[in-house]
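Single-structure report; data block below.
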Amino acid sequence: MDSLSISEGSNTEDFDCGQCGAHLTFEPGTTSLKCQYCDHENKIDGSEKPAFVEEKDLNAYLNSMTDNATKQTVEVVSCPACNAGTTLPPNITSASCGFCGTPLVLSDAKSQSNRIAPQYLLPFKVNKKEAAVHFRDWIKSLWFAPNALKRSANSLKKITGMYLPFWTYDASTTTNYTGQRGDYYYTTESYTDNEGNRKTRRVQHTRWSYASGTVFHLFDDVLVAGTQSVSTEKLDELEPWDLHELKHYDEAYLSGFVTEQYSLDVKYGLRQAKLKMQPMIRELVERDIGGDTQRIGSSNTRYSNLTFKHILLPTWISSYRFKDKVYQFLVNARTGEVQGERPWSVYKIAAATLFGLSVAGGLTYAYMVHNGYVV
């Protein structure tokens, strides 16, 4: 597992309170930094929604790889247990890994250079207390969860606000295809049933014909995670994200939070984005072929006008221990959506299975009695 980190500026720049001198942190759901001691607030400059979101030309970037204006250097502390890396806000003297809880050795921080700097982010909207409430509600909603799990959830001690790295991709696609169009038609055939009676029935057939053509599509903001620290499936299930509310990247929004540095680069992200585009392209091809059913023999897609941007999305991440096993969960810090790992109650599953079998048995018996099979 590769490392996590925040930008160099976020490690060195301290946001001090103008009244008491304490450290200011970003207040979720606002556009301000807030002092946790005297409640003084500083509004973040340029916190308005950008009038235009800039995309970078992907091919130009890959061909040059010299756009120093987009690069940054980061300081990374690796976890000795799970190998995840993290960097922290200023003035932190001790910390633990946000993924497994292992204490970190802060003196082991190492620099990583030539990282693509984030261009935009979604600030935190859900605060820590609200995230904990969403988590407990999620626990209560789980089917076949052990009864003791709900009591265990109330003992949640630590939850970490973390910006996770993502890539977005735009592309114009042109897909040439060949295939077959299937149109249904019906005939009537005669048959003899089990009691010797002659009957007729309607039978469906398919008439196939050759098809070929070209389809076009414009993909916008295909989202790909740049992290290996959390499963792609769980991150996909945190969607949707309100990307229309993106803000210009500003270190002030990072104050008080951990920010993960991407471990999956822009090239890898492009491959994943193309995979995410395939279902839509297939749907367009099938729609273009028409008919009642379709077969795609071959297809070739050309990608043009490829652009990308690097963004940060906010999550609350933590783990809870239940019966000597640790389960990780995440909260979308914009919507409150919760996804995570959970234990199952073998006893509840067994009881539900037995109940289902007994109901099915009862219905079968009633049917047999009703139809005279049982006297």
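A quick yes/no check of all residues on (1) assigned to a helix (DSSP H, G or I); (2) at pLDDT 65 or above; (3) assigned by TED's automatic domain parsing to the domain that holds Leu62; (4) among the aliphatic types (A, V, I, L, M):
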position: Gln272; (1), (2), (3), (4): yes, yes, no, no
position: Gln278; (1), (2), (3), (4): yes, yes, no, no
position: Arg282; (1), (2), (3), (4): yes, yes, no, no
position: Asn300; (1), (2), (3), (4): no, yes, no, no
position: Asn305; (1), (2), (3), (4): no, yes, no, no
position: Ser318; (1), (2), (3), (4): no, yes, yes, no
position: Arg334; (1), (2), (3), (4): no, yes, yes, no
position: Tyr367; (1), (2), (3), (4): yes, no, no, no
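Report yes if some residue within segment 223-238 is out of contact with any Lys or Arg (no Cβ under 8 Å at 6 or more places or on another chain), under 22 Å from Pro28 (Cα atoms) and either at pLDDT 95 or above or among the hydrophobic types (A, V, I, L, M, F, W, C) (or both); otherwise report no.
Checked against the condition, which is being out of contact with any Lys or Arg (no Cβ under 8 Å at 6 or more places or on another chain), under 22 Å from Pro28 (Cα atoms) and either at pLDDT 95 or above or among the hydrophobic types (A, V, I, L, M, F, W, C) (or both), segment 223-238 yields at least one hit.
Looking at segment 10-62, which of its residues are under 30 Å from Lys267 (Cα atoms), in contact (Cβ under 8 Å) with a residue 24 or more places away in the chain and surrounded by fewer than 16 Cβ atoms within 10 Å (Cβ to Cβ)? Before the answer, list the steps.
Our first condition is that a residue be under 30 Å from Lys267 (Cα atoms); within segment 10-62, this holds for 10-12, 49-62.
If we keep only those that are in contact (Cβ under 8 Å) with a residue 24 or more places away in the chain too, we end up with 10-12, 49-50, 53-59, 61-62.
Passing the criteria: Thr12, Lys49, Pro50, Glu54, Asp57, Asn59, Leu62.
Keeping to segment 153-189, report how many residues are modelled with pLDDT of 90 or more, under 30 Å from Ser319 (Cβ atoms) and not aromatic (Phe, Trp, Tyr). Let's see the steps before the verdict.
Our first condition is that a residue be modelled with pLDDT of 90 or more; within segment 153-189, this holds for 161-189.
From what's left, under 30 Å from Ser319 (Cβ atoms): 161-168.
Retained after the next criterion (residues that are not aromatic (Phe, Trp, Tyr)): 161-162, 164-165, 168.
Selection size over segment 153-189: 5.
State whether one or more residues within segment 13-23 are under 14 Å from Phe257 (Cβ atoms) and modelled with pLDDT of 80 or more.
Yes: segment 13-23 contains one or more residues that are under 14 Å from Phe257 (Cβ atoms) and modelled with pLDDT of 80 or more.
Take Thr30 and tell me if it is among the hydroxyl-bearing types (Ser, Thr, Tyr), part of a loop (DSSP other than H, G, I, E, B), within 15 Å of Asp250 (Cβ to Cβ) and at pLDDT 85 or above. Explain how you work it out, then say what you get.
Details: among the hydroxyl-bearing types (Ser, Thr, Tyr): yes; part of a loop (DSSP other than H, G, I, E, B): yes; within 15 Å of Asp250 (Cβ to Cβ): yes; at pLDDT 85 or above: yes.
The answer is yes for Thr30.
When you go through Thr214, Thr200, Thr192 one by one, which is the residue that is at pLDDT 95 or above, over 30 Å from Gly336 (Cβ atoms) and among the polar types (S, T, N, Q)?
Criteria check complete, one pass: Thr214.
Test Asp250 against the criterion of being modelled with pLDDT of 95 or more and among the acidic types (Asp, Glu), and give yes or no.
Considered against the rule, which asks whether it is modelled with pLDDT of 95 or more and among the acidic types (Asp, Glu), Asp250 comes out as no.
The values are calculated or read from the model by the stated rules, or taken from the named source; none is laboratory data. All values reported here derive from a predicted model rather than from experimental measurement. No Cβ is skipped: glycine too gets one built from the backbone with ideal geometry, and neighbour counts run over all protein chains shown.
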